[in-house]
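Everything on this sheet refers to the single structure shown next.
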Amino acid sequence: MKKKKKKSAARPKKAAKRAASGALKKVLKKARKGPAGKPKKQKKQAKPAPAKKGKKTGSAPCANPLYPDVCAQNFTASNGQCVNFQNLPSLQCTISQEGDVFPFAPYSTDPSGNKYATITASSWLTVSVPAINESYPYAVDCCGGLLNPAHSVTVDS
């Protein structure tokens, strides 16, 4: 007859070792996860709305923009209205003071004290005059030079 092997004391040790390694795995798993409580997610900041694009040259800096032809002899505008000149015959033109008042802002001043604005297809100017119901002359250098007819803006309101 065969003798049955007695269960050795090693088997309970194996079970204890297995239980200990299982507990160790749990501890390590928790350590990898971080603190017991989950961190709260931070709210994302709202992105600004994209700027609305204007007719041809980007966003207008005002609500009711005008798009006159740069070589037009006259156009009508309101005081404070923004203007984007169209159909520039060259990459840039200079609009300069012709009378006592330069009717656009922003502007630069030459050494003689005359005001002017250099414009491109993406330039915006604002009609800015001291009195309404008047016409204000200005010169445009890219619309025929000396043969250039007089230009003006009539400010009606």
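See the values below:
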quantity	calculated
Selection within segment 130-157 - assigned to a loop (DSSP other than H, G, I, E, B) and surrounded by fewer than 16 Cβ atoms within 10 Å (Cβ to Cβ)	Pro130, Ala131, Ile132, Asn133, Asp141, Gly144, Asn148, Pro149, Ala150, Asp156, Ser157
Residues located in segment 93-142, provided they are modelled with pLDDT under 90 and among the polar types (S, T, N, Q)	none
Qualifying strands (runs of 3 or more DSSP E) (wholly inside segment 57-129; at least 1 residues being touching a residue at least 12 places away in the same chain (Cβ under 8 Å) and among the small types (Gly, Ala, Ser))	74-77, 93-97, 115-119
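The values are calculated or read from the model by the stated rules, or taken from the named source; none is laboratory data. Just so it is clear, the model here is predicted, and its values are computed rather than measured. Using ideal geometry, Cβ is built from the backbone for each residue, glycine included, and neighbour counts are taken over all protein chains shown.
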